[in-house]
1. Restricting to segment 69-86, name every residue that is part of a loop (DSSP other than H, G, I, E, B) and surrounded by 12 or more Cβ atoms within 10 Å (Cβ to Cβ).
2. Restricting to segment 1-15, and then to whatever is over 23 Å from the mean Cα position of the chain (by Cα) and not in a helix (DSSP H, G or I), can you tell me which residue is farthest from Val352 (Cα to Cα)?
3. Determine if segment 69-88 includes at least one residue that is assigned by TED's automatic domain parsing to the domain that holds His266, aromatic (Phe, Trp, Tyr) and within 16 Å of the ligand (Cβ to nearest atom).
4. Name the residue that is nearest to the ligand (Cβ to nearest atom), counting only residues in segment 106-137 that are surrounded by 23 or more Cβ atoms within 10 Å (Cβ to Cβ) and closer than 17 Å to Ser66 by Cβ.
5. Going by the structure shown, is Val93 hydrophobic (A, V, I, L, M, F, W, C) and within 28 Å of Ala156 (Cα to Cα)?
6. With segment 340-405 as the region, which strands (runs of 3 or more DSSP E) entirely inside it contain at least 3 residues that are in contact (Cβ under 8 Å) with a residue 40 or more places away in the chain and surrounded by 19 or more Cβ atoms within 10 Å (Cβ to Cβ)?
7. Return yes when Ser227 is modelled with pLDDT under 95, on the phi < 0 side of the Ramachandran plot and polar (S, T, N, Q) and no when it is not.
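The values are calculated or read from the model by the stated rules, or taken from the named source; none is laboratory data. These figures come from a predicted structure and were not determined experimentally. As a convention, Cβ positions derive from the backbone with ideal geometry for all residues, glycine included, and neighbour counts pool all protein chains shown.
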Amino acid sequence: MSVSQLARSIKASPTLKLNETAKKLRDKGEPVIHLGGGEPKSKAPLDAVLSCAAQLNTGEIRYAPSDGLPALKKAILRYTEEHYGRLAAPENVIVSSGAKQSIQVLLYAILEPKDEVVFPAPYWVSYPEMVKLAGGVPVAVEPEDGGFEPSVPDVADKVGSYTRAVILNSPNNPCGVMYSSDFIAEMVEFCEKKNLWLIMDDLYNRLVFDGQKAPNAYEFVKEDTDSSKLVVVQGVSKMYAMTGFRIGWTVANREVVEAMNNIQSHQTSGPATVSQWAAIGALSGVQTSVESLRLTLENNRNLMLDRLRTIPGVHVTKPAGTFYCFPDFRAYEKNSTRLAELLLERVRVVTVPGREFGMDGHLRLSYCGTVKEIMEGVDRIKWTLDPSSPNELFLGDRKLVRDWA
Ligand code: PLP
């Protein structure tokens, strides 16, 4: 049996694979600390649960329109007006089964075979594979200064006659960096001038710290929504801690939304109706859960950074948002896959190798878990790497002895 060339070119999602590995080890009773996760641990907002439960209680759960329930689109339009100051019409919105599907269907709708899609590194693991699935060619931009925020000339350098779109994810998974307002403004202008799609993956844009606010690309757009090639992708997964409901959405010009709807109607039809009712509850209900999650994450970020800074030679950029940081471990090991394997094998800490995000030598560490997991997880990493660590470490009642240099 052989699978297609396309299938052979696609890697499994490393983050989902790690979740499985962590679960298998935990099921065997191993004292695993999962710093590789991509979902908040808080509960879904009560309004989401009640709205979903009310729909379930009717016992009549039917297909939804393939672009989403009108009531959810209405809630998304209100959300877009409140958080982006942008008025849009229902025809500018399509609801999908997670922001993942939003981006995938969008790429199907805009790419010709071999079109290039440019995005800064480090990037979310799924962009390259999604672009390939849609027949395109992923092109990563490594910031010239070795940092995490590209300049417009860095991006322009990778843009050529085959470039069709640019994806920006800010604040960024995996490094937590938030691109400056000036950069976003210049990118909007650049993409308008070059007639490129600009896809803003704004999934984390309310999970920002230190009193900052994420720049809003709509502020810099000259054209109206139906002439513009600016696309905003959003969802309830991260901000409302609703990863399992699988609801994301796209706001874009109506021509592309119609094309996306045609594709989605054959792919999955509309997202699960009960999940859409949950999202309506989340968007229309009391908003305190977003702020309380944000505050918890800010506190967790501070703890993780303080702890990481006790490991000699490890450099970490302070994340402005998300629930990830992306420390540089090259002082110990340049191969991030090898380092992640070592940490799992020796001290049962799950991390995600930076290589998966287009930057080797780093690990993505999540601080969306408990304070105990964060402190103990980083302490175990330090114990493994720092030669001045004590000789012994206890994982529960298991004693580990440091028999390496
Ligand atoms: N975009 C980014 C940057 C992400 O980190 C994720 C999830 O990890 C997604 C999109 C997809 O989110 P979902 O499909 O859960 O809405």
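1. Leu69, Arg86
2. Among them, the one singled out is Met1.
3. Step one: filter segment 69-88 for residues assigned by TED's automatic domain parsing to the domain that holds His266, giving 69-88.
Next cut, aromatic (Phe, Trp, Tyr) only: 79, 84.
Keeping just the survivors that are within 16 Å of the ligand (Cβ to nearest atom) gives 79.
Yes: one or more hits.
4. Among residues in segment 106-137 that are surrounded by 23 or more Cβ atoms within 10 Å (Cβ to Cβ) and closer than 17 Å to Ser66 by Cβ, the one nearest to the ligand (Cβ to nearest atom) is Leu106.
5. For Val93, the condition - hydrophobic (A, V, I, L, M, F, W, C) and within 28 Å of Ala156 (Cα to Cα) - is not met.
6. Working: elements: 363-366, 392-395, 398-401.
The qualifying strands (runs of 3 or more DSSP E) are 363-366.
7. Details: modelled with pLDDT under 95: yes; on the phi < 0 side of the Ramachandran plot: yes; polar (S, T, N, Q): yes.
Here the answer is yes, as Ser227 does meet what is asked.
This table checks each residue for (1) in contact with a strand residue (DSSP E or B) (Cβ under 9 Å, 6 or more places away or on another chain); (2) surrounded by 22 or more Cβ atoms within 10 Å (Cβ to Cβ); (3) over 20 Å from Ala320 (Cβ atoms); (4) in the same structural domain as Leu107 (by TED's automatic domain parsing).
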site: Arg206; (1), (2), (3), (4): yes, no, no, yes
site: Val233; (1), (2), (3), (4): yes, yes, no, yes
site: Gly248; (1), (2), (3), (4): yes, yes, yes, yes
site: Ser292; (1), (2), (3), (4): no, no, no, no
